[in-house]
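What follows is a set of notes on a single structure, which appears directly below.
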Amino acid sequence: MLEGDARDRNLGVNTLVDLIKSARETVVLTGAGISTASGIPDFRSPTTGMWRKMDSNLLSVDSLYGDTTVFYEHCLEIFPPMYEALPNPAHYALAALEQQGYISHIVTQNIDGLHQKAGANNVIEVHGHIRTVHCIKCQHSVPFSEFLKKLAEREIPPLCELCQGMIRPDVVLFGDQLPSAFQIAREVSADADLLLVVGSSLTVSPVNFLPTLAKKLAIINLTPTPYDHRAEVAVCAEAATILQNIQSQLI
Ligand code: NAD
């Protein structure tokens with residue numbers, strides 16, 4: 001890294017620490033970028049993002065019902081490694097900041113559950129999760145591990161044991177309605193003095209409307225986002241490096 005970059009990064013960390021210290025309530029909004037260090041690819045990173053090798057329309061309601069076999073074959077590719085993934089230092093740093101009272105809520109677009117695995121409690125999942133799936137006919141809820149087992153045994157589409165309806169992931173697909181958690185995310189973002197975005201391109205709507213609600217905005221992301229110009233500070237760097245640095249200064 002160039003010397004100038006390191007200096008900018010340190011200044012960025014100092015500004016972030018001051019912003020968090022002076023905020024009455026800080027809410028964090030995370031995206032797929034916080035989990036890349038756990039081995040889960042994001043969607044839009046230029047060389048490693050999933051969209052480079054996969055059509056984004058595949059993760060849609062249209063694909064679930066119109067191209068069902070292809071949809072579940074992609075589930076078989078994407079979900080097993082995500083289900084096995086472990087938190088990285090960025091997730092642990094946020095969980096520690098929550099426990100120390102510096103963060104009130106973590107709003108996440110991620111479905112991987114890694115904030116909770118790292119020990120965070122106040123997590124608002126606006127795009128669902130991979131703990132369960134459900135039957136589209138009788139709504140019966142099934143553990144995600146059973147869903148993965150069915151896929152591995154090539155039961156495609158996977159069917160409900162009770163009514164033989166199709167079971168689908170409890171994740172928000174393109175074309176789905178947002179869960180009620182989104183309304184809670186709106187409320188906590190509007191109440192926050194500071195919204196700290198970590199690892200999100202801020203291009204997915206309507207989540208990218210949340211940064212407009214908080215009184216102050218700060219961003220940690222490897223690449224520039226469309227909201228950088230509105231932020232008090234936008235640090236282009238690895239989430240884990242910056243969050244660990246912040247946490248060590250706030251102990
Ligand atoms: P995105 O792919 O659009 O953007 C991720 C951003 O993170 C990129 O701008 C990238 O530069 C940045 N980034 C990558 N690695 C980073 C790192 N180590 N440190 C800091 N920044 C890093 O992701 P998004 O904005 O979250 O939106 C995409 C959608 O993808 C979300 O709705 C989410 O549900 C879904 N998704 C979730 C997962 C997951 O649960 N882990 C994985 C892939 C996609």
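The values are calculated or read from the model by the stated rules, or taken from the named source; none is laboratory data. No experiment lies behind these values; they were computed from the predicted model shown. Virtual Cβ from ideal backbone geometry, glycine too; neighbours counted across all protein chains shown.
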From 190, 214, grab the single residue that is of a type in the set (A, V, I, L, M, F, W, C), more than 16 Å from the ligand (Cβ to nearest atom), over 14 Å from residue 13 (Cα atoms) and crowded, with 21+ Cβ neighbours inside 10 Å. 214
When (1) at pLDDT below 95; (2) over 30 Å from residue 155 (Cβ atoms); (3) assigned to a loop (DSSP other than H, G, I, E, B) are applied to residue 24, the one that fails is (1)
Residue identified as modelled with pLDDT of 95 or more and either over 28 Å from residue 190 (Cβ atoms) or within 12 Å of the ligand (Cβ to nearest atom) (or both) among 98, 84: 84
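So that you can scan it fast, the table gives a plain yes or no per residue for (1) free of Cβ contacts under 8 Å to residues at least 12 places away in the same chain; (2) within 14 Å of the ligand (Cβ to nearest atom); (3) in contact with a strand residue (DSSP E or B) (Cβ under 7 Å, 6 or more places away or on another chain):
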site: 103; (1), (2), (3): no, no, yes
site: 112; (1), (2), (3): no, yes, yes
site: 132; (1), (2), (3): no, no, yes
site: 153; (1), (2), (3): yes, no, no
site: 156; (1), (2), (3): no, no, no
site: 176; (1), (2), (3): no, yes, no
Got a number for residues in segment 141-187 being over 27 Å from residue 108 (Cα atoms) and not in a strand (DSSP E or B)? 14
Within segment 220-251, count every residue that is in contact with a Cys (Cβ under 9 Å, 6 or more places away or on another chain), closer than 16 Å to residue 35 by Cα and surrounded by 13 or more Cβ atoms within 10 Å (Cβ to Cβ). 3
Enumeration of residues in segment 33-52 that are at pLDDT 90 or above, closer than 19 Å to residue 74 by Cα and more than 6 Å from the ligand (Cβ to nearest atom): 39, 41
Looking at segment 192-202, can you tell me whether even one residue there is in contact with a Phe, Trp or Tyr (Cβ under 7 Å, 6 or more places away or on another chain) and at pLDDT 95 or above? yes
When you look at residue 179, is it closer than 27 Å to residue 64 by Cα, modelled with pLDDT under 95 and surrounded by 17 or more Cβ atoms within 10 Å (Cβ to Cβ), yes or no? yes
In segment 217-242, residues that are hydrophobic (A, V, I, L, M, F, W, C), within 12 Å of the ligand (Cβ to nearest atom) and within 23 Å of residue 127 (Cα to Cα) total 5
Filter segment 196-233 for residues that are in a strand (DSSP E or B) and free of Cβ contacts under 8 Å to residues at least 40 places away in the same chain; which is nearest to residue 26 (Cα to Cα)? 217
